[in-house]
Structures are given as C-alpha cells and as structure tokens.
Amino acid sequence: MKTLISSDVSLLANLIQEGKVVIFPTETVYGIGASTKNEVACLRVYEIKGRPKDNPLIAHFPSIESIEDACVLGDLGRKLLEKFSPGPLTLILSKKDKSLFPKELDTLAVRIPKNPVIREWIRLTGGPVSAPSANLSGRPSLTKLTDVVRYFEGKVDGILIAEEPSFGIESTVVSLVGEHPTLLRPGSIESEELKTFLPDLVVPNLFETSPARSLSTVPLSPGTKYKHYAPSAHVILASTDEFIHSFQVGFDPKETAWIGFSCPEKVRKGKLTQDLEKTSAKEEEGFTKFDHFSIVSTNEEYASKLYAFFEACDLFNIQTIVCEAPKPGRGWEGLRNRLEKAAQKK
Ligand code: AMP
Ligand code: MG
C-alpha cells in the first residue's frame, strides 16, 4: 500500500472521508485515525495495531460545540472542557448520536487536540476522528515522525506531518457517566487540578503500593515482553540511590541505558563514552549514534522524551533500561503510572 506522507491537511482530510486510515500528531502522542462515522474504517485501525476489540477508541473533535452535538455534555463537562481544552483531557460522556463508533456502547470518549492545524484537519474530515495511539498494541506510544514512518509506512493510507507531540504521554481520561466522576487514566492534567472542578473525583489506586522496585530484587530478563507502554528491553524503575548505584555495578554499559535526573560522574568525565566505544559499530545504517544516557531536568521533560528513548533503546538492542523515579510534584502522576506499567511483567 502507498502511504501519502504530507502536511496538506485537505488531501489527508479527503482520505478520512473516503474511509481510509491516517496517522496524525497530537500534543500527547501520535494517533492512528479513521472517521468515527465509519465502522469498517475504525475496525481497520484495530487490525493494523493488533488492538483488542474490547478497548474503545477516543473520538477527536474540533470544538466544544461539535462535542455537544454528539454527546450529553452537561454543565460540568462544559466547565472542564472550557478550562482544559483544547488539551490532553479525554472525557467519557453519554452519546446522543448512537451511530458513532463503537455503536454497541452508549458512551463515547471525547477530546479536543491542542494544535489548531490538527483541529482544522478534523473539521475538514467532517469529524470526529476516532484514534488510539499510533503504536503496535502493548508497545510504547510513538512521539517521533521517524518512528511512525518506520512502523507504519505501507500499512496506513496517510501520515499527516505537523508539529510533533510535546507532552509525550497519553491524555488524562475522566469518566463523567457513573455515579461519581472517576479518573480512568492519569496524565498531564492531574487529579489535584481536576478536583477543583470535581471535588468528588474518584481516583482509583492507579499505582503499585510498593515503593520503587529494588534493583537487587528485580531479576534481569532481557527481551521479556511487558503488558503496556513497554519496550522489548527490560525496564527497571529505580529510586535515585539505586539509579546512581546502577552506574557502578552489575550492568554491562553496552547493553544498558539510563533515563533520569541524576547525571553520573562517569558521564560527566567522559569515561563512559570510552567504555562504549564499540556501540557505534552496532549502529544501524541511517540512524544517528545512540546515547545511553538521557538526562532530564523536570518530570515534564522526562515524559516528553520517554517513549522516543524506549524506541531508540530497542533499535540499538539495549537489554535493560534503568529509569529514575520521577520527582514528587508537577508531572509526577502520569509519568509514574507509565513507568510502572512499562516495568510491569505480564
Ligand atoms: P488510547 O487510545 O490507546 O490512548 O486509549 C484510550 C483510552 O480511553 C483507553 O484506556 C480506553 O479504554 C479509554 N476509553 C475509550 N472509550 C471509552 C469509553 N467509551 N468508556 C471508557 N473508557 C474508554
Ligand atoms: Mg494506546
């Protein structure tokens, strides 16, 4: 199949109208989309991703008004969208238009992407556009055009080129249809902010109760597959002490990569670069040299770089990725959740 890779929003909107599948960037991650009004096209998205059929898609809308045409928004829903949209907040609402995908559900997940170019594209498709994250099911979502092209060229009808994702983790999902509003998936818009509007927000225990896993108790099982947001490499979520300790002992630096806040002395002095001299020999043609360290300064920067780092690690046959635990405070909630999922065994 020929994939049209273009920044021409009209051409790519036409593809959606014709019942085709198009990948597009949002401020969170790339999405793989089809018309919400076209069941066959939406089902193709599941096939391409290998996504389980019982996991419904988010419908992407251009405006609050267009959401109100399709769903029962209510005062609370409107207030939330006025405050947090366009942006990384997904609401689960009751459907007004029962013909929208998935037809068997009375509810619809809705969201308005932040980038005006993407909203204009959705408008031109006749909207809404149903899209899960553009990745193979179970793997990390994608945040770089190069990764999208590598996985999906020849498998989808189009790829829309526009501003790349900056938040880096998937949207916060809040259900407004039950007895109490409930946080279904943490993200960049955090429960504390939401509670200003939703004092009775139910926040289920989305995190493992144990503190960061101890390196000494986590067996290394290279190549093991994980359930969500997980690269092929073995992911270890480490406390700062464990993270720093891991530079000194126990890991072959050629097969290990690190992402976190603490910059080890070895890296600062360039010693690790010497240890890794041979890594460039393993480089795959067309890809730049792999850097075993991604040093970040905020949780937000960490989230924005995480999935692309996971992809690079797999590309360069890294066996173990050591991730420093995020810092308490802003940006902790969504990032911590994704890191725990990535580190979780099936
Ligand atoms: P993804 O598109 O892979 O980023 O995931 C979308 C998330 O929204 C998943 O966790 C879905 O289970 C959730 N979701 C989508 N539609 C609904 C719905 N109607 N009710 C509850 N959760 C939903
Ligand atoms: Mg996903």
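The values are calculated or read from the model by the stated rules, or taken from the named source; none is laboratory data. The structure displayed is predicted, hence computed values, not measured ones. No Cβ is skipped: glycine too gets one built from the backbone with ideal geometry, and neighbour counts run over all protein chains shown. Just the protein is used for accessible areas: all its heavy atoms, side chains included, with ligands, DNA and RNA removed. Shrake-Rupley method; radii C 1.70, N 1.55, O 1.52, S 1.80 Å.
If the chain between residue 104 and residue 301 were fully stretched, how many nm would it gain, using 0.36 nm times the residue separation less the Cα-Cα distance? Don't jump to the answer; show the numbers that get you there.
On the way: separation 197, 0.36 × 197 = 70.92 nm, distance 3.90 nm.
Fully extending the segment from residue 104 to residue 301 adds 67.0 nm.
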Checklist outcome for this item: Which of 37, 103, 49 fluctuates most in a GNM of the chain (C-alpha springs under 10 Å)? That residue is 103
Item to check | Solvent-accessible surface (1.4 angstrom probe) belonging to residue 251, in square angstrom, nearest 10 | outcome: 40
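Considering only DSSP beta bridges whose two residues both sit in region 85-190, what percent are antiparallel, to the nearest 5? Working shown, then result.
Values: 7 of 11 bridges.
Bridges in region 85-190 that DSSP calls antiparallel: roughly 65 percent.
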Checklist entry - Cross-link partners among aspartates and glutamates for residue 98, C-alpha distance below 17 Å, same-chain residues fewer than 8 apart left out? => result 39, 68, 69, 106
Next on the checklist: Check which residues have an amide H placed less than 5 Å from residue 202's amide H, if you skip close sequence neighbours.
Outcome noted: 182, 183
Next on the checklist: Using protein chains only and a probe of 1.4 angstrom, how many square angstrom of residue 185 are accessible, to the nearest 10?
Outcome noted: 60
Checklist entry - For residue 63 and residue 330 in the same chain, what is the full-extension length gain: residue separation times 0.36 nm, less their Cα-Cα distance, in nm? => result 93.4 nm
Checklist entry - For residue 4 and residue 291, FRET efficiency with R0 = 30 Å and r from the beta-carbon atoms, rounded to 0.05? => result 0.35
Checklist entry - Taking N as the number of residues in the chain, what is its Cα Rg relative to 2.2 N^0.38 Å? => result 1.02
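Take every DSSP beta bridge whose two residues both sit in region 15-172, then give the antiparallel share in percent to the nearest 5. It would help to have the intermediate numbers written out before the result.
On the way: 16 of 22 bridges.
The antiparallel fraction comes to roughly 75 percent.
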Item to check | Computed accessible area, residue 117, all protein chains, 1.4 angstrom probe, square angstrom | outcome: 70
Item to check | Within the chain, longest stretch clear of exposed GluC sites (Glu not before Pro) (DSSP loop, no more than 12 other Cβ within 10 Å) | outcome: 180-283
Item to check | Debye log10 I(q)/I(0) for region 1-150, one point scatterer per Cα, at q = 0.18 Å⁻¹ | outcome: -1.06
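How much area per residue is accessible in region 50-133 when the probe is 1.4 Å and only protein heavy atoms are counted (Å²)?
Normalised by residue count, the accessible surface of region 50-133 is 41 Å².
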Item to check | Solvent-accessible area, 1.4 Å probe, carbon plus sulfur percent, for the chain | outcome: 53
Checklist entry - How long is the gain from residue 79 to residue 17 if the chain were fully straight, where each residue apart is worth 0.36 nm and the alpha carbon distance is subtracted? => result 19.2 nm
Checklist entry - Can you pick out the pairs among 95/341; 2/114; 83/327; 83/195 whose Cα atoms lie more than 21 Å from each other? => result 95/341; 2/114; 83/327
